[in-house]
Every structure is written in C-alpha cells, then in structure tokens.
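Peer 1: Let me begin by handing over the structure; questions about it come next.
The values are calculated or read from the model by the stated rules, or taken from the named source; none is laboratory data. Since we're looking at a predicted model, the values are computed, not measured. Here the Cβ positions follow ideal geometry from the backbone for every residue, glycine too, while neighbour counts run over all protein chains shown.
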Amino acid sequence: MFGNIYKEKKVLITGNTGFKGSWLSVWLIELGADVYGISNSIPSVPAMFDVLTLSKKVKHHNIDIREAKPLRDCIHQIRPDFIFHLAAQPIVANSYADPHGTISTNALGTVNVMDAARTLTNKCNLVMITSDKCYENVEWLYGYREIDRLGGKDIYSASKAAAEIFIYSYYHSFIKHLPNLRMASVRAGNVIGGGDWAEKRLVPDCIRSWTNGDPVIIRNPASTRPWQHVLEPLSGYLVTGQHLAESDKMNGEAFNFGPSADQIFSVKEVLDAIKKHWNLSSTKDWVTVESGTFHEAGLLKLSCEKANTYLKWLPVLNFSETMTFTASWYWEYYNGNTDMQEFTKKQILEYISGATLKGLSWVV
Ligand SMILES: NC(=O)c1ccc[n+]([C@@H]2O[C@H](COP(=O)([O-])OP(=O)(O)OC[C@H]3O[C@@H](n4cnc5c(N)ncnc54)[C@H](O)[C@@H]3O)[C@@H](O)[C@H]2O)c1
C-alpha cells in the first residue's frame, strides 16, 4: 500500500494526540512506520489517543509548536523522513474566545514547523494540513479549487488562510531551493468518525449527550455540509506523502480532499442516520435548537479534480457507509469493547477493501 513508502520510515505527526492524528498514527503503524508525535496536550476526555493506548506505540513528545526552539531541537533530533503537520486549534467557535492563541498556533506554529524542517540535512517530505476554510467563502455553488482566493471572516478561517500563505512563501523562499525537502499543503473539510470527542462538533456533541440520556443541542438542523469519514482525507494525506517521496515533479502543490458532490447532507440527516445506528430507544430525543451568536459560513464545497487527476485519489465511502463506520465505532466503545485498537484497524481494513473495489491505485 502507498508503494510501501512508509515501511520502516520515521514519520512525525504533529497533533498526534488529536482525532485525526490518532487515526493517522494507527494507519501508519499498520504500514510499518516508526511513528513520532509532537503535541502539547491530549485535547479531550476521553480521547482516542488514550483509548487506543497510543502512548505505548508512538514516540510522543510534549511540545508546544508556538515554542520555536524546543520544536526545532526535537525535529532535528528525530530527523524524520515524513512530517504530517496537523497540530492546530481546530474549532471555529474557540477562535472567537481565543483569537490570538488560534492565530499563533495555526499560522505561526506552522511557520515554526517549516522553519525547523528547512534546516534539516536529511531527506524529508512535508505534508501540511490546513482546512477547506482557508478559502474565502463567497457562498457560491461551485466547488472551490486550489487556485481560488484565500481568506476568512472568522478568526479560524483567517488563521488557516494565513497558514496557507506562509506555506506558499516558505516553499518559494526556501523549500524549493533545498534538494532534500519536498512539501505540499492539503485541504479537507468537516470530517467525522469514531474517536472524536472534541467540544462543539456535531457528532461528538450527539454522542456525549446521548450517552448521558440528554437531548443534543444543535444550532441549525437544516444547514448542509459535505460530510466525510476521517479515513478519506487521511488516504489523501498519505498518497500525497507517497507522491512527494516518489515523484521528481511534485513539489509545492496544494490539494483538496472532499466528498463527492452527492455527499452533501443536512445536520438533521446526519443526526437521523447516526441515531438509527445508535439504537436510541431508551434515550430522550435529540433536537433542541439554539441560535448561533457568531458568524458561521454557508456551504463550502471542494473541487477535488486536481487530487483525482494527479494523485488518482477518490473518496471511498458513501454517506450511509460513513455514518455506519462512525456510529458503530462509538457503539463498540460505549458497549464494552475493550480492544478499540483492533476495531479501529478493522475499520481501516474495511476502508482499504472499499478502495480496492474502486480500483484506487494507492492500495498497491
Ligand atoms: N476535524 C475536522 O473536521 C477538521 C476539518 C478540517 C481541518 N481540520 C484540521 O485537521 C487538523 C487536525 O484536526 P483534529 O480534528 O484532529 O483536531 P484535534 O483537536 O482533535 O487535535 C489537535 C491536535 O493539535 C495539538 N495541538 C493544539 N495546539 C497545539 C500547540 N500549540 N502545540 C502543539 N500541539 C498542539 C493537540 O494537542 C492535538 O494533538 C487541524 O489542523 C485542523 O484544523 C480538521
């Protein structure tokens, strides 16, 4: 898989204790990588990182990416073959409460990672994770392309747009002149999947409420989003890393990874789908509506033609499969499955089977 490129390689994940970082750690361990992590906290209780006892399998370093020197020392000591940069303050609502912290982590933390990487002397491929929210949302119906304008009214979006601008300028100022480094930025939207317990995200909020027997409070049931399972962007990030390592031509590119256009469903449809799998008979109903107080952008779709053309990447799961994967993970956890590591690996294998059936080239 992924041309065996990750086998016995040192792979550093910033944000390894988070939702995406934990899934990526499990997948990379399965691919035979030697996985290192940098994070400054475990972002939730419970957390997938703890549930899967990943501290035993990942060489974890507790570092704040806003602290340039300890970050650089650590990266130089590891000398990674790959860096997947995921560490961020990822919640839009929290960016209003802590604008400075969001900007310093998401934009300047990204600068610190690139600054540390550019003085590495070994070969290293950098996959810089930002967000679909880096695009200026002009509320149009078309999918946003990698060349569309960056920007954001809210602080989180602005911090991700700023990160993208710094990635672009670091590439042109430094990285492209360094024969040992290659870099790409990758942009995905809302992801769901088992093991996310972040505050102020729809599915974790549901699961938290329902396991307490409470109705979940949602802001806007009619609002539509392009939902995708966490494994979809992760397969995109991994295939990007593979192309950076294997192809002489690919460097300094940006790629979108989103669901296909027919995967856009409302919050209500997501709740209905999860509820069906969650077997909610003994709990209270879910809808109580609270109006939002901060600016929340409308639908933003990504055009993934570039990833499809250059990386042969396509999404694997349809909406119903995405919901089944997600709900069943939480169901197993809350119903006493003591080996969630095994269950997570099983879902990764199922996802790979789906990709194989679709003939996606990264499975080889
Ligand atoms: N989850 C989504 O729906 C989604 C959508 C688009 C983009 N993203 C992006 O993907 C990445 C991962 O998101 P996630 O959902 O796994 O988030 P998460 O909150 O679960 O994890 C964030 C990780 O970053 C680390 N971190 C935060 N601030 C740090 C700091 N100052 N120094 C060091 N580590 C720090 C945390 O410890 C944690 O490991 C982020 O860049 C996020 O913006 C996520």
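Peer 1: Going by what's in this entry, would A163 be described as hydrophobic (A, V, I, L, M, F, W, C), over 30 Å from K276 (Cα atoms) and in a helix (DSSP H, G or I)?
Peer 2: Numbers: hydrophobic (A, V, I, L, M, F, W, C): yes; over 30 Å from K276 (Cα atoms): yes; in a helix (DSSP H, G or I): yes.
For A163, the condition - hydrophobic (A, V, I, L, M, F, W, C), over 30 Å from K276 (Cα atoms) and in a helix (DSSP H, G or I) - is met.
Peer 1: Among the candidates K301, K312, single out the residue that is among the basic types (K, R) and either modelled with pLDDT under 95 or touching a strand residue (DSSP E or B) at 6+ places or on another chain (Cβ under 6 Å) (or both).
Peer 2: Criteria check complete, one pass: K301.
Peer 1: Consider only pairs whose beta carbons are under 8 Å apart and that are at least six residues apart or on different chains; among these, list those whose first residue lies in the range 245-260 and is closer than 21 Å to K10 by Cα and whose second residue is at pLDDT 90 or above and of a type in the set (D, E).
Peer 2: A245/D81
Peer 1: Going through the range 131-160 one residue at a time, which ones are under 23 Å from F82 (Cα atoms) and either at pLDDT below 95 or in a helix (DSSP H, G or I) (or both)?
Peer 2: D132, K160
Peer 1: Continuing with the same structure: For the range 202-241, which residues satisfy the criterion of being over 23 Å from P46 (Cβ atoms), aliphatic (A, V, I, L, M) and touching a residue at least 60 places away in the same chain (Cβ under 8 Å)?
Peer 2: Once the filter is applied, which keeps residues that are over 23 Å from P46 (Cβ atoms), aliphatic (A, V, I, L, M) and touching a residue at least 60 places away in the same chain (Cβ under 8 Å), the range 202-241 yields L238, V239.
Peer 1: Would you be able to tell me the number of residues in the range 3-48 that are crowded, with 23+ Cβ neighbours inside 10 Å and on the phi > 0 side of the Ramachandran plot?
Peer 2: The number of residues fulfilling the criteria is 1.
Peer 1: Let me ask something additional. So which residues in the range 121-146 are over 19 Å from A261 (Cα atoms) and either more than 9 Å from the ligand (Cβ to nearest atom) or not hydroxyl-bearing (S, T, Y) (or both)?
Peer 2: T121, N122, K123, C124, N125, L126, V127, M128, I129, C134, E136
Peer 1: All but one of (1) buried (at least 19 other Cβ atoms within 10 Å of the Cβ); (2) more than 10 Å from the ligand (Cβ to nearest atom) hold for Q89; state the number of the condition that does not hold.
Peer 2: (2)
Peer 1: Inspect all residues belonging to the range 101-111 and state whether any of them is touching a residue at least 40 places away in the same chain (Cβ under 8 Å), more than 12 Å from the ligand (Cβ to nearest atom) and not in a helix (DSSP H, G or I).
Peer 2: No; the residues of the range 101-111 include none that is touching a residue at least 40 places away in the same chain (Cβ under 8 Å), more than 12 Å from the ligand (Cβ to nearest atom) and not in a helix (DSSP H, G or I).
Peer 1: While we're here: Regarding the range 114-126, can at least one residue be identified that is touching a Ser or Thr at 6+ places or on another chain (Cβ under 7 Å), on the phi < 0 side of the Ramachandran plot and in a strand (DSSP E or B)?
Peer 2: No: the range 114-126 contains no residue that is touching a Ser or Thr at 6+ places or on another chain (Cβ under 7 Å), on the phi < 0 side of the Ramachandran plot and in a strand (DSSP E or B).
Peer 1: Ok, one more. Among the residues of the range 59-85 satisfying the criterion of being out of contact with any Ser or Thr (no Cβ under 6 Å at 6 or more places or on another chain) and in contact (Cβ under 8 Å) with a residue 60 or more places away in the chain, which is nearest to A188 (Cα to Cα)?
Peer 2: F84
Peer 1: Which members of the range 163-217 meet the condition of being touching a Cys at 6+ places or on another chain (Cβ under 6 Å) and more than 12 Å from the ligand (Cβ to nearest atom)?
Peer 2: Passing the criteria: L181, V216.
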